[in-house]
Amino acid sequence: MSSASILLRAWGLMMALTVLSIWAAVSDQGFVPTLAAMAAGVFKALLILWIYLDLRRSSSGWKAVFVAFLAVIALIVLAAYAAGILLGGKGAF
């Protein structure tokens, strides 16, 4: 597969994930759409790292660091969202 084809497929997938994120923001139905939007965002970040920044050709150490970093960020955001719900708020920022 050519590199242009890979880039176009990655771009198309990121556009589809953007539509998913927009749906989650508009639906405002609680935790499931929020989780879907977070998962879409993390997957988009991974695509950018792997495809556009060429992390797929890096050593396993670099890959592990960036994946762990994204996981920590996602967990912090989800924890803040859950804390907002538990403290009596709606949970939206």
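The values are calculated or read from the model by the stated rules, or taken from the named source; none is laboratory data. Computed from a prediction, not measured in an experiment: that's the story for all the values here. Glycine gets a Cβ as well: all are built from the backbone with ideal geometry, and neighbour counts include every protein chain shown. Protein only, heavy atoms only, side chains kept; ligands, DNA and RNA dropped before computing areas. Shrake-Rupley method; radii C 1.70, N 1.55, O 1.52, S 1.80 Å.
How much of the accessible area of the chain, in percent, comes from carbon and sulfur atoms when a 1.4 Å probe is used?
76 percent
If the chain between ILE85 and THR18 were fully stretched, how many nm would it gain, using 0.36 nm times the residue separation less the Cα-Cα distance?
Fully extending the segment from ILE85 to THR18 adds 21.6 nm.
How much mean residue ellipticity at 222 nm does the chain get from its helices, if each DSSP H run of length 4 or more adds -39500 (n - 2.57) and you divide by all residues, to the nearest 500 deg cm²/dmol?
-26000 deg cm²/dmol
Any chance you could run the full-extension gain for LEU75 through LEU53? It's 0.36 nm times the residue separation minus the Cα-Cα distance, nm to one decimal.
5.6 nm
Which value, in Å to one decimal place, does the Kirkwood hydrodynamic radius take for the chain when every pair of different Cα atoms is included?
By the Kirkwood definition, the hydrodynamic radius is 14.7 Å.
Would you be so kind as to identify which of LEU20, PHE31, ALA10 lies farthest towards the positive end of the dipole of the chain, taking Lys and Arg as +1 and Asp and Glu as -1 on Cβ and the Cα centre as origin?
ALA10
Report, in debye and to the nearest 20, how large the dipole of the chain comes out about its Cα centre when Lys and Arg carry +1 and Asp and Glu carry -1 on their Cβ.
About 220 debye.
Tell me, what is the per residue accessible area of the chain in Å², probe radius 1.4 Å?
That works out to 68 Å² for each residue.
What full-extension length gain, to one decimal in nm, is calculated for ALA25 and TRP62 as 0.36 nm per residue of separation minus the Cα-Cα distance?
Contour length minus Cα-Cα distance gives 10.1 nm.
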